[in-house]
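Notes for the one structure printed next.
We did not get these values from a lab; they are worked out from the coordinates using the rules stated. Note that the coordinates shown come from a computational prediction; the quantities given were computed from them, not determined experimentally. Glycine also receives a Cβ, built like all others from the backbone with ideal geometry; neighbour counts cover every protein chain displayed.
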Amino acid sequence: MDVESPPNNTYAKNTFKRDKPVALNVYSDELQPCCHNPKTGFYRDGFCKTGPTDFGSHIVCAVMTDEFLEFSKIRGNDLTQAVPECGFAGLKAGNHWCLCATRWLEAAEHGVAPQVVLESTHKKILELVDLELLESHAFKSQFSVCK
C-alpha cells in the first residue's frame, strides 16, 4: 500500500505550526514551568508567561522566603493570605511563584529578593534587570518543593 504525501500547499504546511509563539526564558531557551502546585502564573497555567493584559508582568519565577513574604505584605500584597473563592490557598516559604518584575526588583533593592528559577523566568525581565543580578539570586538547589 502506497502512502500519499500531503498536498504541497500553504494549508498543509501551516497545519503543524504552533498556534502561539514559544515563550522564552532569560537564556533564550523555551520557558520551563515555574509551578503547578500551587498553580502559578498570570494565566494560572504554571508558567511565568505574560501578555498585553498582564500589567504587573508576572514573569519572575521565585522561591518564596518568609523574609520576602513579610516584605510583600508590608508593601500591601499579602501573598500568605488565602483567597478561597479564587482557589488560592496562600503562599508559604518554599513555594515557587511568578512574581511581578517590579516587586522582585524592589525586594532586591531592599536586600530581601527571593531566589530565582532562571529557566522558568521570562526573558522580558531583562528589559528591567541585568542577567548578572538575576544570576546572583539563582535558585541553586536541585530539589524543588514544586511539582
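Short version: ³J(HN,Hα) in whole Hz for each residue of the stretch 81-96, in order, from phi by Karplus 6.51 cos²θ - 1.76 cosθ + 1.60 (θ = phi - 60°), x for Gly and Pro, what are they?
6, 5, 10, x, 5, 9, x, 10, 8, x, 9, 9, 3, x, 5, 9
Can you sort THR50, THR102 so the residue with the fewest Cβ neighbours within 10 Å comes first?
The order, fewest Cβ neighbours first, is THR102, THR50.
What is the stretch 32-136's relative contact order, in percent, from Cα pairs under 8 angstrom and six or more apart in sequence? Intermediate results must be reported in sequence, preceding the final value.
Values: 183 pairs, mean separation 33.7, N = 105.
Over the stretch 32-136, the number comes to 32 percent.
Short version: ³J(HN,Hα) in whole Hz for each residue of the stretch 123-132, in order, from phi by Karplus 6.51 cos²θ - 1.76 cosθ + 1.60 (θ = phi - 60°), x for Gly and Pro, what are they?
4, 4, 4, 5, 6, 10, 10, 5, 4, 4
On a C-alpha basis, how far is the centre of the stretch 104-141 from the centre of the stretch 41-55 in Å? Whole number, if you could?
After rounding, the separation between the Cα centres reads 17 Å.
For a quick check: with amide H placed at 1.01 Å from N, whose amide H comes under 5 Å from ALA89's, ignoring anything fewer than 5 positions away on the same chain?
Under 5 Å from the amide H of ALA89: VAL83.
Order these by the 10 Å Cβ neighbour count, fewest first: SER28, SER136.
If I rank by nearby Cβ atoms, fewest first, I get SER28, SER136.
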